[in-house]
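What follows is a single structure, written as structure tokens, with notes after it.
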Amino acid sequence: MFGSFFSSLLRHSVSFLLFGWLSACSGTNVLTLVSADSSTHPFQGDSNPLQSVLRGEWIYRRQRATSGMFPGGDARRESVACSHSIFSLVGWGDSSLEEVFRKDTIQKIAFIEYSQEAWLSGILYHSFCTRVVGE
């Protein structure tokens, strides 16, 4: 009785994880394995684990990227929003621009910076932060 229960649980868990992997938007999925250009991730090639392995950054990677300079904003205040995940299964937080602006009322943007940290290509631990600097 327990054997069939655990077998069914394992089969459903694998199906769920496979579905999540195949349908991921900006994470690793079948489409990004074929072409890194299909990624919607702010860091080019970061949703493709094969590129991560070839670069030698699959054990640990930390990076930042600026999304551009906006006219009219001075770097007087900043607001940050982050999201995190463990084992690619448990996630929390909100790293969206909406969350950044909900936390602080920045009226003029100086620049937007994205940062991320990943252990074992983000499978063990992954964090992604959006930082808006302005006034």
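Read-outs: derived from the displayed coordinates by stated rules, not from any lab. No experiment lies behind these values; they were computed from the predicted model shown. With ideal geometry, Cβ positions are generated from the backbone for all residues, glycine too; neighbour counts draw on all protein chains shown.
Under a plain spin-label model, where a point goes 7 Å from the Cα along Cα-to-Cβ, how far apart in nm are E57 and V80?
1.9
In units of 2.2 N^0.38 Å, what is the alpha-carbon radius of gyration of the range 54-135?
Rg over 2.2 N^0.38 Å, computed on Cα atoms: 1.23.
Under a point spin-label approximation (7 Å from Cα along Cα-to-Cβ), what is the R64-S4 distance to one decimal in nm?
The answer from the label model is 5.8 nm.
Tell me the label-point distance for the pair V90, W119, using the 7 Å Cα-to-Cβ offset, in nm and rounded to one decimal.
Label at V90, label at W119, 1.3 nm between them.
Using Cβ contacts closer than 10 Å as the measure, can you line up T105, T130, T66 from fewest to most?
Going from least to most buried by this count: T105, T66, T130.
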